[in-house]
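Here's the structure we're looking at; comments come further down.
The values are calculated or read from the model by the stated rules, or taken from the named source; none is laboratory data. Just so you know, these numbers come straight off a predicted model, no measurement behind them. Here the Cβ positions follow ideal geometry from the backbone for every residue, glycine too, while neighbour counts run over all protein chains shown. What goes into the accessible areas is simple: the full protein's heavy atoms, side chains included, and nothing from ligands, DNA or RNA. Shrake-Rupley method; radii C 1.70, N 1.55, O 1.52, S 1.80 Å.
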Amino acid sequence: MNCMQCQENITPYIDNELDEKTKKEVTAHLDICEKCSSFYKSEYLLKSFVQKRLSKISAPDDLKESIRKSIRSDFSFKQNLFFRKKILPYFRPIIAYAAAAVLVVFIATYLMSKLWQQKDVDLSKILLPDDFTYVSESENKIALTGTIVCVCCEMKKYGGHPACKKFGHTYGLKTDNGVLWTIMKNDKGMKVIDHNELIGARAKITGWFFFNSNYIDLEELELTSFAQSDTKVFSLNK
Amino acid sequence: MNSSSDNNKKGRFEKEALMHIDSLYNFSLYLTKNSDDAKDLVQETYYKAYKFFHQFQEGTSIKAWLFKILKNTFINLYRKKYREPEIIDYEKVESFIGLMKDNNFDFAHLEEDNLLNKFLSDNVVSALNQLPDDFKTVVLLSDVEGLSYKEIADIVECPIGTVRSRLSRARKMLQKILLNYALKQGIIKGKEK
């Protein structure tokens, strides 16, 4: 046996996997060859070193106990590992996304409802002056005092577009907090709109207030002072 | 009659199969690298073994049979690509062995100077974990579990010659890795004869 043949057989020689004849040949060669002998010694030492150092951990007691129980009950309570390892991981992200989506929708709905509530509450608080009174709170029927103005002219003063393209605001009331209200062009409203001389007059108005469009559906108008001296007594019901 | 043969089966299975639980758990730990998965894998292995116990051939090694079930279960459950053999970078392996030849050290030198004891057990574990799975498996089955080449060949489903060459290469790689550790940790000094 030459060195190459010997070295090829070293691993099975160490593991005692050679037939008797080859084993004897290897032993004989190792006796006379220093190089192969050190080759053998090295691998043999590694094997015993690994064996010695890789200490075996014993299986946890709970595992042993649960398997023993499983055998006695014919594995009747076995969980489906295939489902848990192979199927569930595919669905877990979907479940997570669905949960996230539901949460987002829920939060969005909550915030929107808060926002709407706030809008309702805040508008009357922001838009109305301090000295108004509710005639009927549920209908937003309100009585307040202000100055009759031309809404277009007022808007122009602030650099706005003179004719409101959205709501068509014309004549209206400016309350003491500076908010412009437009008088709705119905029968009663037209009477105010038709009287140019009313501009600048102070008036106490009762009517239905529409906060989103700043319109007033007029019911009563009571002039308290006149801007122009030739203004006569004015009545809506006339 | 039926229930007595059933009880008989249970008793035999419990007696013969359960005694290998430590070995199976150890091997599982190496494969899965965490104790929860290792436990699951062992559970599943026993479940399958119990279910197919009638297919076990009397007179053959039940340990090898259990290991084979465990290995296949591992591949089914934990490897992403079903049954695809691991691609081994043979170039890497060869260059490993090429390097070995350049090195003047081998384990015989370490033994002479009584340096082997300076290695930590952690070093051995991490050296083993650096090997490709197929190589690690043969080392564990042969050196730790003491199974024969034939049994290993049966478990990993390859010819006996392949087991032999893998084992030989794996041991060479381990020597190299451990010697590198030794150099790094100053257990041995570089450039000695």
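Structure values in brief
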read-out: Integer Hz, Karplus 6.51/-1.76/1.60 couplings in order for the stretch A:172-181, x for Gly and Pro; value: x, 10, 10, 7, 5, 8, x, 8, 9, 10
read-out: Dipole magnitude of chain A about its Cα centre (Cβ charges: Lys, Arg +1; Asp, Glu -1), debye to nearest 20; value: 680
read-out: Selected from A:212, A:142, A:75, residue furthest toward positive end of dipole (chain A; charges at beta carbon); value: A:75
read-out: The stretch A:168-216 versus the stretch A:121-144: alpha-carbon centroid distance in Å; value: 15
read-out: Carbon/sulfur fraction of accessible area - chain A, other protein chains in place, 1.4 Å, %; value: 58
read-out: In order through the stretch B:147-164: 3J(HN,Hα) via Karplus (6.51 cos²θ - 1.76 cosθ + 1.60), integer Hz, x for Gly, Pro; value: 7, 7, 4, 5, 5, 5, 4, 5, 5, 8, 6, 8, x, 4, x, 5, 4, 4
read-out: Between A and B, accessible area buried - total, square angstrom, nearest 100, 1.4 angstrom probe; value: 4500
read-out: Sequence of A:4, A:155, A:112 from largest to smallest accessible area, 1.4 Å probe; value: A:4, A:112, A:155
read-out: Distant-in-sequence amide H partners of residue A:219 (H built 1.01 Å from N, under 5 Å); value: A:206, A:207, A:208
read-out: Probe 1.4 Å, all protein chains present, accessible-area order of A:137, B:44, B:151, largest first; value: A:137, B:151, B:44
read-out: Test item: Cα-centred dipole of the stretch B:1-53, Lys/Arg +1 and Asp/Glu -1 on Cβ, debye; value: 220
read-out: Rounded Å value of the spacing that divides the Cα centres of the stretch A:29-48 and the stretch B:17-58; value: 36
read-out: Solvent-accessible area of residue B:54 with every protein chain in place, 1.4 Å probe, in Å² to the nearest 10; value: 140
read-out: Helical contribution to [θ] at 222 nm, DSSP H n ≥ 4, -39,500 (n - 2.57), averaged over chain A, rounded to 500; value: -15000 deg cm²/dmol
read-out: Accessible heavy-atom area order of A:126, B:177, B:160, highest first, probe of 1.4 Å; value: A:126, B:160, B:177
read-out: Karplus (6.51, -1.76, 1.60) ³J(HN,Hα), θ = phi - 60°, over the stretch B:23-34, in Hz, Gly and Pro reported as x; value: 4, 5, 5, 4, 4, 4, 4, 5, 6, 8, 6, 8
read-out: Pairs of Lys in the stretch B:1-71 closer than 15 Å at Cα, counting only those 8 or more apart or on different chains; value: 13
